[in-house]
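The values are calculated or read from the model by the stated rules, or taken from the named source; none is laboratory data. Since the structure is predicted, the reported quantities are computational estimates derived from the model, not experimental observations. Positions of Cβ are generated from backbone atoms using ideal geometry, with glycine treated the same way; all protein chains shown enter the neighbour counts.
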Amino acid sequence: MSSISIIGLGNMAKALADRSLAGGNSVEVIGRDSARAAEFAAALDGATVGSAGAAPVGDIVVLAVPYASATAVVAEYGDALDGKVLVDISNPVNPDMTGFVTPEGSSGAQEIARAAPAGAHVVKAFNTLFANVVLADSAKDRPIDVFIAGDDAQAKARVSTWVQSLGLRPQDAGPLHMARALEDAGLLEMGLANHSIKHTNFSLGVNLL
């Protein structure tokens, strides 16, 4: 069982909280609006409510916030995140979805890592999944893949264990610089959803031959 703190109260936060609780993990939800956070937790079966800015309880802290505020959130928590595994699920795309708002050659996950305490370990994950897909059971009897990237092997192993508890399949894409490739994949999915598939009931995955 993993101990998970989720910062954010959006659709992905709810999907990950629901799935985590169903998988036997402990879940703390955190939002700036304490009343909304309490209402959010009450709609879940067994989640607790944390205080914004206070040290998260979970060993794994999910940044379920838009990229535009992610680095500010990490800076706000500061040393309270030391020793934590930080999971970045963001896609730092620009408003017209023609590219990214991150510096050339970098990624959202790498920028978050620069803002985090030295003892925190950032892992990119879940950015290639829509919230409704996280809640789905399978894709035609094939497990749904969660691509992860990070520089710390132990942190990736802990995230992989958590992913497996959700009934999903972790796929290690390599070091944290591979987050850029995963964010490209996230942008690709947005393009497919807007121009070809016309819905979000799909995901990218690996078929082993």
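Summary table below
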read-out	value
Residue list for the range 80-118, filter: of a type in the set (Val, Ile, Thr) and either surrounded by fewer than 24 Cβ atoms within 10 Å (Cβ to Cβ) or not in a loop (DSSP other than H, G, I, E, B) (or both)	Val85, Val87, Val93, Thr98, Val101, Thr102, Ile112
Subset of the range 14-55 [without any contact (Cβ under 8 Å) to a residue 40 or more places away in the chain, buried (at least 18 other Cβ atoms within 10 Å of the Cβ) and among the acidic types (Asp, Glu)]	Glu28
Flag if Val163 is in a helix (DSSP H, G or I) and β-branched (Val, Ile, Thr)	yes
Meets criteria (among the acidic types (Asp, Glu) and under 24 Å from Gly58 (Cα atoms)) for Asp151	yes
Per-region count, the range 119-139, residues free of Cβ contacts under 8 Å to residues at least 60 places away in the same chain, assigned to a loop (DSSP other than H, G, I, E, B) and more than 21 Å from Leu188 (Cβ to Cβ)	4
Hey, Ser2 in contact with a Lys or Arg (Cβ under 8 Å, 6 or more places away or on another chain), among the polar types (S, T, N, Q) and under 18 Å from Phe126 (Cα atoms) or not	yes
Selection count, the range 155-181, where residues are buried (at least 22 other Cβ atoms within 10 Å of the Cβ) and closer than 17 Å to Asn91 by Cβ	2
Yes/no for Ala17 being under 23 Å from Ala109 (Cβ atoms), among the small types (Gly, Ala, Ser) and at pLDDT 95 or above	yes
So Leu209, is it part of a loop (DSSP other than H, G, I, E, B), closer than 20 Å to Asn11 by Cα and of a type in the set (A, V, I, L, M, F, W, C)	no
The range 144-188, residues that are touching a residue at least 40 places away in the same chain (Cβ under 8 Å), within 28 Å of Asn201 (Cβ to Cβ) and of a type in the set (D, E, K, R)	Asp145, Arg180, Glu183
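For every residue, the table says whether it meets (1) of a type outside the set (Gly, Ala, Ser); (2) within 20 Å of Leu16 (Cβ to Cβ).
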| position | (1), (2) |
| --- | --- |
| Pro66 | yes, yes |
| Ala75 | no, no |
| Asn94 | yes, no |
| Met97 | yes, no |
| Val101 | yes, no |
